[in-house]
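Notes follow the structure.
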Amino acid sequence: MSNLSPLLRMEAIDKHFNGVAALTKADFQIARGEVHALVGQNGAGKSTIIKILTGAYRKDSGEITFDGKRVEFASPEEAQNSGIATIYQEINLIPYRSVAENIFLGHAPQQFGFLDWSRMNHEAKELLRRFDIQIDVREPLFAYNTAIQQMVAIARAVSFKAKLVIMDEPTSSLADHEVDTLYGVISQLRDAGLSVVFVSHKLDELYKVCDRVTVMRDGHTIATSEMTKITKLELVAAMLGRDIQTVRREGQTSFYGTSHVTDYTLIKAKRLQAGTKVKDVSLAVRAGEIVGLAGLLGSGRTEVAKAMFGADQIDAGTITVAGNPVRFREPIDAINLGIGFCSEDRKVEGIIPEMSVRDNLTLAILPRLTRSGIVDEVRQREIVNRFIKRLGIKTSGPEQKIKELSGGNQQKVLLARWLCMEPRLIILDEPTRGIDVGGKADIQMLIRELADAGLGVLMISSELEEIIEGCDHAFVLRDGRTVADLQRDALSEIAVMTAMAQGESTSDGRFE
């Protein structure tokens, strides 16, 4: 790739939001006629650097050179008119307009001041034919499946005579045979001299379709390499911020805390399938056990948690609670069986910011505190005060708005919301993300105490230390499948990372 001239250079890009650095001296470069992968975990800076390139955000400092000229696009439209097309994970076309109209939206051919329908339909048909797609372009877009809609979005990019096409998780909603078609289209774009930025969390895809890869982490550019010169394990290590040689030397990390795992299985999921993200997942949690659920971004961890809580419906597989088969139609079914769930995004799916600590804490138990539509405020106050004290929630009082609390204390309120329900199992999705060091230690100690008291804990975490040091047992997911079942004595960083990078499905009956 070093022989190809650069189409895009982004050098020393800085970007802050409310004083918090999103990008720090970040670099990105792509050659002409190259397919270049951009990878990283949540918060790595991928979306920010793309939005700066396409004019959605303004950079604080740094330099961008595109097609030999220094640029700073003021809007996505300006970037598009200059030859940069972006195809987002969620297709942003107009479903009730025809395929041809979607392709030429904003730049449709005209004759004598009127829309030239014949020419537009003909050119749309020819564009799609380049990608071996033969459909009636006069039909509305919604008449076709997601794969066809994705191809229409690509054809639209080509119709703008784009020089650079950015594809954000383009295969997330596609079936396997549709993915193969997309690979062919990407190869055609490369052969035609176009460059493609390919954003994906699926490692196998990167090695099939990309020439080079750039890894971002915490707003920094960590590494750029030809795909043939970096192994999957090395790629995972770079994304997670681990040093392979150090991990290999150190091996298993010591487990901190006392384990009181029993033989009583609280919940077991076997060969779960749900939507497009959960394809074959099996796991189990026993009383007194902290079970870790590990995997890279997009591996299906959150989707598994939601399926086990009834927030998402399962398409196949079984869930048993205390040995009894269950079918959760909605979260209340899981709650009634003693299951609680703290979601990953506490601001969007957890707290109600304008409500008080009291109201947020007792939200789940409110039906038990209500009789004839009237809340028993004495019982409510007793519960709130007990959990504020028990969990050490730092607040000026129960009536303080929860949005005024620190992230760690907000998380404690959400934990208290479920603990006051006296659950037997609690699912925690990234329980310490975005929390300061002191708050993080408090949450981790609390999780250990809950397990010591006999509660089952299923904990999703992107931090290897939390999985290795905090869990009695861990399951690793890769592309929606369970690829490793690691007991305490086999739980190490190298084992988890190897499973993330190379693991094959382990749903072979061991979960009977």
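The values are calculated or read from the model by the stated rules, or taken from the named source; none is laboratory data. Everything quoted here is computed from the prediction, not taken from an experiment. Heads up, the Cβs are rebuilt from the backbone with ideal geometry, glycines too, and the neighbour counts pull from every protein chain shown.
Structure data summary
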item: Within the range 11-86, strands (runs of 3 or more DSSP E) holding 3 or more residues that are of a type outside the set (A, V, I, L, M, F, W, C); result: 20-31, 61-66
item: Some residue of the range 141-161 being surrounded by fewer than 19 Cβ atoms within 10 Å (Cβ to Cβ), assigned to a loop (DSSP other than H, G, I, E, B), touching a residue at least 40 places away in the same chain (Cβ under 8 Å) and of a type in the set (S, T, Y); result: yes
item: Any hit, the range 293-315, residues being of a type in the set (V, I, T) and assigned to a strand (DSSP E or B); result: no
item: Per-region count, the range 364-393, residues out of contact with any helix residue (DSSP H, G or I) (no Cβ under 6 Å at 6 or more places or on another chain) and at negative phi; result: 17
item: Residue, nearest to A147 (Cα to Cα), within the range 99-120, restricted to residues that are without any contact (Cβ under 8 Å) to a residue 24 or more places away in the chain and aromatic (F, W, Y); result: W117
item: Residue in the range 177-200 that is nearest to S47 (Cα to Cα), counting only those that are of a type in the set (V, I, T) and in a helix (DSSP H, G or I); result: I186
item: Candidate set: the range 208-221, residues that are surrounded by fewer than 21 Cβ atoms within 10 Å (Cβ to Cβ) and under 20 Å from the mean Cα position of the chain (by Cα); chosen: the one farthest from D191 (Cα to Cα); result: D218
item: Tally of residues being out of contact with any helix residue (DSSP H, G or I) (no Cβ under 7 Å at 6 or more places or on another chain), farther than 21 Å from V261 by Cβ and in a helix (DSSP H, G or I) across the range 441-465; result: 1
item: Breaking point among (1) surrounded by fewer than 18 Cβ atoms within 10 Å (Cβ to Cβ); (2) closer than 23 Å to E382 by Cα; (3) assigned by TED's automatic domain parsing to the domain that holds R301, for Q400; result: (3)
item: Subset of the range 469-489 (residues that are in contact with an Asp or Glu (Cβ under 9 Å, 6 or more places away or on another chain) and under 18 Å from E303 (Cα atoms)); result: A474, F475, V476, R478, D479, G480, R481, T482, V483
item: Conditions (1) within 21 Å of K15 (Cα to Cα); (2) of a type outside the set (G, A, S); (3) surrounded by 14 or more Cβ atoms within 10 Å (Cβ to Cβ); number of the one not met by V99; result: (1)
item: Considering residues of the range 322-350 that are within 21 Å of L415 (Cα to Cα) and in a strand (DSSP E or B) only, the residue farthest from the chain's Cα centre (by Cα); result: I339
item: Residues that are modelled with pLDDT under 80, hydrophobic (A, V, I, L, M, F, W, C) and under 23 Å from the mean Cα position of the chain (by Cα), drawn from the range 140-189; result: A147, L174, A175
item: Cβ pairs under 8 Å, 6+ apart, first in the range 52-69 and surrounded by 17 or more Cβ atoms within 10 Å (Cβ to Cβ), second part of a strand (DSSP E or B) and of a type in the set (D, E); result: K59/D14; G62/E11; G62/D14; I64/E11
item: Selected residue (criterion: nearest to M151 (Cα to Cα)) from residues of the range 176-208 that are in contact with a helix residue (DSSP H, G or I) (Cβ under 7 Å, 6 or more places away or on another chain) and either polar (S, T, N, Q) or assigned by TED's automatic domain parsing to the domain that holds M497 (or both); result: T181
item: Residues within the range 201-221 that are in contact (Cβ under 8 Å) with a residue 40 or more places away in the chain, acidic (D, E) and not in a loop (DSSP other than H, G, I, E, B), tallied; result: 1
item: R424 being surrounded by fewer than 23 Cβ atoms within 10 Å (Cβ to Cβ), within 15 Å of G340 (Cα to Cα), in contact with a helix residue (DSSP H, G or I) (Cβ under 8 Å, 6 or more places away or on another chain) and of a type outside the set (A, V, I, L, M, F, W, C); result: no
item: Qualifying positions in the range 70-91 - buried (at least 16 other Cβ atoms within 10 Å of the Cβ) and either small (G, A, S) or at positive phi (or both); result: A79, S82, G83, A85
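Results for (1) touching a residue at least 24 places away in the same chain (Cβ under 8 Å); (2) surrounded by fewer than 17 Cβ atoms within 10 Å (Cβ to Cβ); (3) not assigned by TED's automatic domain parsing to the domain that holds L366, shown as yes or no for each residue.
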{"residue": "T262", "(1), (2), (3)": "yes, yes, yes"}
{"residue": "I267", "(1), (2), (3)": "yes, no, yes"}
{"residue": "A274", "(1), (2), (3)": "yes, no, yes"}
{"residue": "K279", "(1), (2), (3)": "yes, no, yes"}
{"residue": "G288", "(1), (2), (3)": "yes, no, yes"}
{"residue": "T320", "(1), (2), (3)": "yes, yes, yes"}
{"residue": "N324", "(1), (2), (3)": "no, yes, yes"}
{"residue": "F328", "(1), (2), (3)": "no, no, yes"}
{"residue": "I332", "(1), (2), (3)": "no, yes, yes"}
